[in-house]
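Note sheet for the following structure.
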Amino acid sequence: MISCLRGALREKEPTRLVVDCQGIGFELVVPLSTSRRLPEPGVEVDVLVESCFTREGLNLYGFLDREERDVFRMLTSVKGIGPKAGLNLLSRFTSSEILQIVAQRKVDVIRTVPGIGPKKADNILRQLEGVGPAPADANPLLRDAESALTSLGLTRREARERLSRIQVTDEMSLQEVLKLALSQRG
């Protein structure tokens with residue numbers, strides 16, 4: 001899997017860019033929020049990547065910060081919400097706004113996004129129920145553990161529930177936290 005790319009920005013369009021990594025050009029699809037923050041072509045950039053396999057092949061989606069990529073992953077984990085809908089949401093709202101919208105169950109706001117009808121909006125809120133912004137003082141170890149658990153197939157809500165049932169200390173390693181969380185019954 002490709003996790004990040006560092007290289008010269010060769011091409012930049014509103015929802016597409018090409019990053020040249022030592023002679024190999026990687027095409028990435030990006031939300032408008034990422035595109036607006038990118039420098040002009042020719043400058044070196046660091047881009048976080050989410051790889052998605054489809055029938056057509058491998059698609060790469062680019063983000064400038066971890067929170068944006070995590071929200072994209074959260075959105076695309078919802079059944080019926082693909083990368084295009086996830087990008088549309090991130091193009092319309094910031095990642096923190098999306099977390100607030102989901103936490104406050106604002107279905108009418110979600111429905112304003114192109115490609116998100118009433119059924120998809122309801123589905124997003126139903127499947128992401130209980131997911132909201134993490135506390136500002138959240139333990140980085142818990143954030144990493146939550147991310148690892150979601151990459152193993154748990155929903156964000158399931159990961160948070162499991163992590164809330166264990167006592168985490170500063171001396172614990174990520175592996176110890178994951179082992180305890182995975183031993184919890186969902």
* Quick check: is even one residue across region 9-28 surrounded by fewer than 13 Cβ atoms within 10 Å (Cβ to Cβ) and modelled with pLDDT under 90? -> no
* To do: Please identify the pairs in which a residue from region 1-20 that is more than 11 Å from Ser35 (Cα to Cα) has its Cβ atom under 9 Å from the Cβ atom of a residue that is of a type in the set (A, V, I, L, M, F, W, C) and part of a loop (DSSP other than H, G, I, E, B), counting only partners at least 6 apart or on another chain.
  => Ala8/Val43; Leu9/Leu38; Leu9/Val43
* Asked: If a residue has to be of a type in the set (Lys, Arg) and under 18 Å from Lys12 (Cα atoms) to count, how many in region 39-66 make the cut?
  -> 0
* Select from region 166-183 the residues that are under 18 Å from Thr150 (Cα atoms) and of a type in the set (Asp, Glu) and list them in ascending order. => Glu176
* Could you list, in sequence order, the residues of region 1-38 that are of a type in the set (D, E, K, R) and either part of a strand (DSSP E or B) or in contact with a helix residue (DSSP H, G or I) (Cβ under 7 Å, 6 or more places away or on another chain) (or both)? -> Arg6, Arg10, Glu11, Lys12, Glu13, Arg16, Asp20, Glu27
* Asked: From the list Ser77, Ser95, which one is surrounded by fewer than 19 Cβ atoms within 10 Å (Cβ to Cβ) and hydroxyl-bearing (Ser, Thr, Tyr)?
  -> Ser77
* Asked: Right, Glu171: over 18 Å from Glu67 (Cβ atoms), part of a helix (DSSP H, G or I) and modelled with pLDDT under 90 or not?
  -> no
* **Long-range neighbours under 6 Å by Cβ, at least six apart or interchain, first residue more than 12 Å from Leu142 (Cβ to Cβ) within region 158-183, second small (Gly, Ala, Ser)** => Glu158/Gly186
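The values are calculated or read from the model by the stated rules, or taken from the named source; none is laboratory data. Because the structure is a prediction, the values reported are computed rather than measured. Don't worry about glycine lacking a Cβ; one is built from the backbone with ideal geometry, like all the others, and counts go over all protein chains shown.
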